[in-house]
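Beneath this line is the structure, given in structure tokens, with notes to follow.
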Amino acid sequence: MVRHVAAPNVKSDMPPAPEWRILETLAVTPVSRTWRVEVDGELAVLRRDEPGAIRLGLNRAAEPAVLRAASAAGLGPACRLADPAGRLLLTDWLPGRTWTPADLQEPDHLQRAAGLLRRLHATPLPGPVVDLGAAIDRYAAAAGAPVAALAAKAHRQLARVLSVGAPSGATLAPVAPE
């Protein structure tokens, strides 16, 4: 179950809170900072959004419901705490390791990844329909001029995917405003 809490006063590089102990920094990006933490003796992942998340138009309010659906399907971590206004998300830690380039060459690994993607795409997820074209534009604007050609290519690929349509038994949501 997700606990919605008031945001702690986040002034330092790492969010202070008596209920979690920070074990290691996992990522620091313009969009968020992520830590592996211990909460009540269990491992979890704590994410704090940076202002870049707002510029990209990320819908953090819809995220807890999407995480619940993915977790219920066995495809993602359970959401323990969600405070979109406070820019915080706490999820269960899932053990594993990051794939290496060699892992991407293993047919068994790729088969397993394809199976997980099929399950994910067959899982009904709550939340608004995402306008992928607008998302491409937001990301390109945030990245600046050097990615203009890449954004144009992404728009062409999106148009191609939408023109092909969904495979039998699947649906493609119409591109619509969030």
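Overview of results
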read-out	value
Output for the range 112-130, where each listed residue is at pLDDT 80 or above and not aliphatic (A, V, I, L, M)	Arg112, Gly115, Arg118, Arg119, His121, Thr123, Pro124, Pro126
Meets criteria (touching a residue at least 60 places away in the same chain (Cβ under 8 Å) and aliphatic (A, V, I, L, M)) for Val37	no
Residue match in the range 31-46 (condition: in contact with a helix residue (DSSP H, G or I) (Cβ under 8 Å, 6 or more places away or on another chain) and outside any helix (DSSP H, G or I))	yes
Subset tally (residues that are modelled with pLDDT of 80 or more and not in a helix (DSSP H, G or I)) for the range 157-178	0
Residues within the range 51-73 that are more than 20 Å from Val37 (Cβ to Cβ) and free of Cβ contacts under 8 Å to residues at least 40 places away in the same chain, tallied	5
Leading residue by the ranking (least open to solvent (accessible area, probe 1.4 Å)) among those in the range 23-49 that are in contact with a Lys or Arg (Cβ under 7 Å, 6 or more places away or on another chain) and acidic (Asp, Glu)	Asp49
Matching residues in the range 50-62 - criterion: being closer than 18 Å to Ala143 by Cβ and under 13 Å from the mean Cα position of the chain (by Cα)	Ala53, Leu56, Gly57, Leu58
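Every residue, every condition in (1) within 21 Å of Ala134 (Cβ to Cβ); (2) modelled with pLDDT under 90; (3) in contact with a Phe, Trp or Tyr (Cβ under 7 Å, 6 or more places away or on another chain), yes or no:
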| position | (1), (2), (3) |
| --- | --- |
| Arg47 | no, no, no |
| Ala53 | yes, yes, no |
| Ala61 | yes, yes, no |
| Val66 | yes, yes, no |
| Gly76 | no, no, no |
| Leu88 | no, no, no |
| Leu94 | no, no, no |
| Arg97 | no, yes, no |
| Ala102 | no, no, no |
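The values are calculated or read from the model by the stated rules, or taken from the named source; none is laboratory data. Quick caveat, the model's predicted, so the values are computed rather than measured. Every residue, glycine as well, gets a Cβ built from its backbone with ideal geometry; the counts of neighbours run over all protein chains shown. What goes into the accessible areas is simple: the full protein's heavy atoms, side chains included, and nothing from ligands, DNA or RNA. Shrake-Rupley method; radii C 1.70, N 1.55, O 1.52, S 1.80 Å.
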